[in-house]
Amino acid sequence: MSPTAQHEAAIEEACLLAQMGVGDTNALQEIYHKYSTPLYSLGMRMLGNPSEAEEALQDTFVKIWNHAAYYDAQKSRPFTWAVTIMRRTCIDRIRKLKRELDVTTFEAERDQDWAAPETVRQIVAQHEAREQVEDALKDIPSKQKRALELALFSGMTHSEIATTMEQPLGTVKSWLKRGLFQLRTTLTKPAV
Amino acid sequence: MNTNTEELASLYVLDKLSADERRTFEERLESDTELTLLVRELESALEDQVRALPQHMAPGHVLSQIQNKIEAQAPIATPSPVITIPWAKFAGWGMVAALMFGVGLTLLFTSRNPITGESSNQSVVLIVRMDPQSSVVEVLPTVMPVDELENFVHLAQMVERFWEHPEQLPGSVNRSPLANTLGSGYAVFDPQSKHGFIAIQKLPKRQEGKNYFLWLRDSNANVLYRAGIIPMQEKDQGLYFFELEENSPISSNSVAFFITEEDTAEAELSQPHGELVLGSDHI
């Protein structure tokens, strides 16, 4: 999605959250339509289990509903806010279940089937997004990429990531920053 | 921007800061535009990561289960104010769009009967406290954006800050304005753009067939404006936006706000007839 499209989508989603904040269930349905697939996919990535991911998704949307009126656009974009809620919910479930995570890499999942998207436009958009991210990830050194994946999808704190990777905390923080900045630079680069 | 700040921004986006660190960082975000832009870009990168995961559609029954859970839970206490406005910071037209949908902050009717007079005051915002029998005004020097939407968003941010931190209200207005058991409130009004917000609390329940009307009196020119009808509905508090018509000059900083209770049938009322509920028609 282009930065302009992302910005416009974010504004629309902020309005939907405001509507949810005053009890508009139609807005809930719209937000669900926009967010459920990526959030469920995130749940699948973090929890590795459809029923766990489904439970997490339900809990997340109930939280989004209950906190929509408090959403603050100054602090985060709407989808990032929803992702944070989903990730925290997944992390709670991980900790509750005391599950050992098998943190796979993006590459391992590259050949997995995608669920059938609803429209051709979505298919194209998803493939474009995936290719862009894969291209961006190619430019990131493997340790930075690994640290970023652990930070995003494992539920580990940065201290735990440092322990897992047997690196000083400061190094891990630096890797996370550089990894995210590298993605940001690559993904916001104009298409040639 | 130094490396430490960039690192903090990354950890913030990755949700790896402690609660205290997060709070401190969010305070910086409120005043640091460059930092906010960086965070938005990093968030965009994170979102792309999530959207690039192998996509799985949630089972079809999940939405109805979510709706059932929401219906089953005890009613959630409505946050204060009735409608929060933080997303006004996000984009002016997003705010306006939401107003049009009638979902956000309530947009009151515009006033009637424009008058001629001196040019508007420049670069001040009027903070007017309303008590059951009085109205007090404070003039707050500030630089307001000329652009209408930017002006609107700037004012909204100011109002939000006052709502969240009433102790920051200036001077005589700062007297726990929303703690009065008899009803209280304040208006934040930019005489230049004629945009304003009114925050009210603990108004008595409206009688059936009655409406609360918000009035503004320019004391210097002795001109009265109807700023709108306040749709209090079931709640006794709220935060509302209003604007006067473009050609309604405000001649001075002596502006009083007051609320009267009027018959519903008087939708086009141009003068108050009903009982004074809050504020005063003179400063």
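The values are calculated or read from the model by the stated rules, or taken from the named source; none is laboratory data. Quick caveat, the model's predicted, so the values are computed rather than measured. When we count neighbours, we look across all protein chains shown, and the Cβ atoms used for this are built from the backbone with ideal geometry, even at glycine. Note: accessible area is taken over every heavy atom of the protein model, side chains too, but ligands, DNA and RNA are not part of it. Shrake-Rupley method; radii C 1.70, N 1.55, O 1.52, S 1.80 Å.
Data table
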read-out	value
Average partner coverage of A:30-39, which counts Cβ from other chains inside 10 Å	3
Estimated FRET transfer efficiency when R0 is 22 angstrom, pair B:Gln168-A:Tyr70 (beta carbons, to 0.05)	0.65
Pairwise centroid distance, computed over Cα atoms, of the range B:1-57 with the range A:1-80, Å	17
Shielding by partners, peptide A:13-26 (average Cβ within 10 angstrom, other chains)	6
log₁₀ of I(q)/I(0) at q = 0.15, 0.24, 0.26 Å⁻¹ - the range A:1-77, Debye sum with one point per alpha carbon	-0.56, -1.14, -1.20
Calculated FRET value between A:Thr163 and A:Ser51, using beta carbons and R₀ = 35 Å, to 0.05	0.70
Heavy-atom accessible area, 1.4 Å probe, ligands and nucleic acids excluded: residues of the range B:1-16 down by at least 40 Å² from chain alone	B:Glu6, B:Glu7, B:Ser10, B:Leu11, B:Leu14, B:Asp15, B:Lys16
Accessible surface buried upon B-A contact (total; probe 1.4 Å; Å², nearest 100)	6900
Additional length obtainable on full extension of the chain from B:Thr33 to B:Asn222, 0.36 nm per residue less Cα span	63.9 nm
